[in-house]
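Inspection log for the structure reproduced underneath, given as structure tokens.
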Amino acid sequence: MTVIATFLDRQLAADAKYGGRMDLDECPPLPPALDRHLRSCARHSAAQPHANQEIRARCTQRPVFLRLLAYVYAGMPGYRPIWQPIFTDSGVPSDPVADLLLERWRGEERLAREAIEEAGLDFDWREVDRQDGQGLVVDGVGRPLWEAAVYPEDGYTISRYGPGRVLRELAARREMLASLDLSAKADQTILRLLAEPYAGW
């Protein structure tokens with residue numbers, strides 16, 4: 001699991017560096033479904049990287065969780081297909097927080113699937129101006145979301161919420177939730193971390 005952990009830690013560090021801001025009001029208009037999807041993601045874009053890092057720190061001895069966390073980055077350079085987790089489709093523990101999470105995730109999944117129709121699966125940020133690091137956010141069909149270049153702080157954050165990545169993250173979170181034993185204090189902490197991005201909703 002050392003190779004997975006090393007790969008995962010690099011990705012989580014990049015998310016933490018660039019994952020805290022997503023101001024779509026400064027951007028030109030987007031197609032409706034894509035706009036709804038990204039605005040939904042923006043509501044928790046600052047909290048999600050922290051929650052993922054905390055889960056990673058608490059799951060060093062749980063290789064299944066490491067595979068689930070890394071699955072979000074499938075398709076990125078360095079990700080190995082043999083790391084893909086096995087999804088069990090197990091039932092989720094009965095708990096009010098778990099029920100709330102499932103409801104939120106169903107809504108996010110619906111928005112992501114609608115956005116796929118307009119913009120494809122995974123987004124990317126490509127640097128185009130070597131002088132000041134600006135680049136384009138490119139959608140899953142290879143088109144720029146906006147013709148104007150943006151700085152990495154904005155572009156990377158937006159690119160990480162491509163619909164395909166969001167769907168992988170939702171699948172991984174559901175599997176984590178289903179594997180929790182809520183009578184164990186450590187698993188109660190994981191549940192709290194899964195819910196952290198939705199605080200105040």
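Going by a ≥ b ≥ c, the root eigenvalues of the Cα gyration tensor, does region 18-69 fall in the rounded group (a/c under 1.5), the prolate group (a/b larger than b/c) or the oblate group?
In terms of gyration-tensor shape, prolate.
Taking Cα atoms only, the orientation of helix 96-119 departs from the longest principal axis of the chain by about 30 degrees. Computed per residue of the chain from DSSP H runs no shorter than four, each worth -39500 (n - 2.57), the mean residue ellipticity at 222 nm is -17000 deg cm²/dmol. A Gaussian network model of the chain, with springs between Cα atoms under 10 Å, assigns the largest mean-square fluctuation among THR88, THR157, THR60 to THR88. Using the Kirkwood radius over C-alpha pairs as Rh, can you work out the diffusion coefficient of region 64-158 via Stokes-Einstein at 25 °C, viscosity 0.890 mPa s, in µm² per second? Answer, rounded: 152 µm²/s. Rolling a 1.4 angstrom probe over the protein heavy atoms with all chains in place gives the chain an accessible area of 50 Å² per residue. When only alpha carbons are used to place a centre, region 157-196 and region 80-102 end up 8 Å from one another. A cut-off of 5 Å between modelled amide H atoms, ignoring neighbours fewer than 5 places along the same chain, links MET76 with no other residue. Calculated on C-alpha atoms, the gyration radius of region 1-46 divided by its Kirkwood radius gives an Rg/Rh of 1.16. Nonpolar atom fraction for region 1-109, defined as the carbon and sulfur part of the 1.4 Å probe accessible area, stands at 54 percent. Over region 14-106, the ratio between the Cα radius of gyration and 2.2 N^0.38 Å evaluates to 1.30. When SER159, SER179, SER94 are compared by accessible surface with a 1.4 Å probe, the order from highest to lowest is SER94, SER179, SER159.
Checking (i) 65, 44, 30; (ii) 52, 35, 26; (iii) 58, 56, 30 against the coordinates, the calculated Cα extents along the principal axes in Å falls under label (ii).
The values are calculated or read from the model by the stated rules, or taken from the named source; none is laboratory data. Since this is a predicted model, take the numbers as computed values, not measurements. Accessible surface areas use protein heavy atoms only, side chains included; no ligands, DNA or RNA. Shrake-Rupley method; radii C 1.70, N 1.55, O 1.52, S 1.80 Å.
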